[in-house]
Amino acid sequence: MVLTGAGEAGKSSTLRGMKHGEPLPFAADERTVQLDVHTLLFGAPPADGGADERTIVSSWDFGGQPEYAAGQQQYLVAGALYLLLLPAHRCTD
C-alpha cells in the first residue's frame with residue numbers, strides 16, 4: 001500500500017492510526033524524509049495458539065515535499081494499492 005499526497009496531508013498520521021487502531025496525529029515537526037516503510041497487520045490476532053490468519057500489508061509512506069518527488073518515481077509500481085491523501089485543512093471551498 002502506497003500512501004502519497006502533498007506535504008502535511010496526513011499520510012503518516014493516517015498510517016499510524018491504521019497501525020494502532022486509533023487516531024494518533026504526528027506533530028508538525030515529525031515529517032517523513034523521503035520514504036518510511038512499515039508493516040501493517042489486519043485482522044484479529046490468533047486466539048490461544050490458533051493459526052495466524054491476519055493479512056500482512058507492506059506500507060510505503062512517501063514524504064510529500066516537492067524536493068522528494070524525483071526520487072519517488074522508482075517506487076511507483078503497477079499492482080500496488082495507492083492511498084492518495086489531500087490536505088483538507090488547506091481547502092478554500
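The values are calculated or read from the model by the stated rules, or taken from the named source; none is laboratory data. Treat the numbers as computed from the prediction; the structure is a model and nothing was measured. Please note: Cβ atoms are built from the backbone with ideal geometry, for glycine as well, and neighbour counts cover all protein chains shown. Note: areas computed on protein heavy atoms with side chains; ligands, DNA, RNA excluded. Shrake-Rupley method; radii C 1.70, N 1.55, O 1.52, S 1.80 Å.
What pairs come up if the first residue lies in the range 27-38 and is without any contact (Cβ under 8 Å) to a residue 40 or more places away in the chain, the second is part of a loop (DSSP other than H, G, I, E, B) and open to solvent by less than 60 Å² (accessible area, probe 1.4 Å), and their beta carbons are under 7 Å apart, counting only those six or more places apart or on different chains?
From the range 27-38, the pairs are R31/G63; T32/G63; V33/G63; Q34/G63.
Can you spot a residue in the range 2-14 that is open to solvent by 60 Å² or more (accessible area, probe 1.4 Å) and touching a residue at least 60 places away in the same chain (Cβ under 8 Å)?
Taking the range 2-14 as the starting set, the residues that turn out to be open to solvent by 60 Å² or more (accessible area, probe 1.4 Å) are 8.
From the residues that got through so far, the ones that are touching a residue at least 60 places away in the same chain (Cβ under 8 Å) too are 8.
Taking every residue of the range 2-14 in turn, at least one turns out to be open to solvent by 60 Å² or more (accessible area, probe 1.4 Å) and touching a residue at least 60 places away in the same chain (Cβ under 8 Å).
Is it the case, given these coordinates, that T92 is touching a helix residue (DSSP H, G or I) at 6+ places or on another chain (Cβ under 8 Å), under 21 Å from G7 (Cβ atoms), of a type in the set (V, I, T) and in a loop (DSSP other than H, G, I, E, B)?
Working: touching a helix residue (DSSP H, G or I) at 6+ places or on another chain (Cβ under 8 Å): no; under 21 Å from G7 (Cβ atoms): yes; of a type in the set (V, I, T): yes; in a loop (DSSP other than H, G, I, E, B): yes.
In short, no.
Every residue in the range 17-38 that is in contact with an Asp or Glu (Cβ under 9 Å, 6 or more places away or on another chain), among the aliphatic types (A, V, I, L, M) and assigned to a loop (DSSP other than H, G, I, E, B), please. Spell out the reasoning first.
We begin by selecting, within the range 17-38, every residue in contact with an Asp or Glu (Cβ under 9 Å, 6 or more places away or on another chain); these are 28, 31-32, 35-38.
After this cut, where a residue has to be among the aliphatic types (A, V, I, L, M) as well, the list is 28, 35, 37.
Residue satisfying the conditions is A28 alone.
Which residues, taken from the range 25-40, are surrounded by 10 or more Cβ atoms within 10 Å (Cβ to Cβ) and under 13 Å from the mean Cα position of the chain (by Cα)? Talk me through it step by step, then tell me what you get.
First, pick out the residues of the range 25-40 that are surrounded by 10 or more Cβ atoms within 10 Å (Cβ to Cβ): 25-26, 30-32, 34-36, 38, 40.
Answer for the range 25-40, where residues must be surrounded by 10 or more Cβ atoms within 10 Å (Cβ to Cβ) and under 13 Å from the mean Cα position of the chain (by Cα): P25, F26, R31, T32, Q34, L35, D36, H38, L40.
So which pairs qualify, if the first residue must be in the range 43-70 and touching a residue at least 24 places away in the same chain (Cβ under 8 Å), the second must be open to solvent by less than 80 Å² (accessible area, probe 1.4 Å) and among the small types (G, A, S), the Cβ gap must be under 7 Å, and the two must be at least 6 apart or on different chains?
D61/S12; G64/G5; G64/A6; G64/G7; G64/A9; Q65/G7
Among what's in the range 41-90 and is closer than 14 Å to S13 by Cα and among the aliphatic types (A, V, I, L, M), pick the residue that is surrounded by the most Cβ atoms within 10 Å (Cβ to Cβ).
Per the criteria, the residue is L85.
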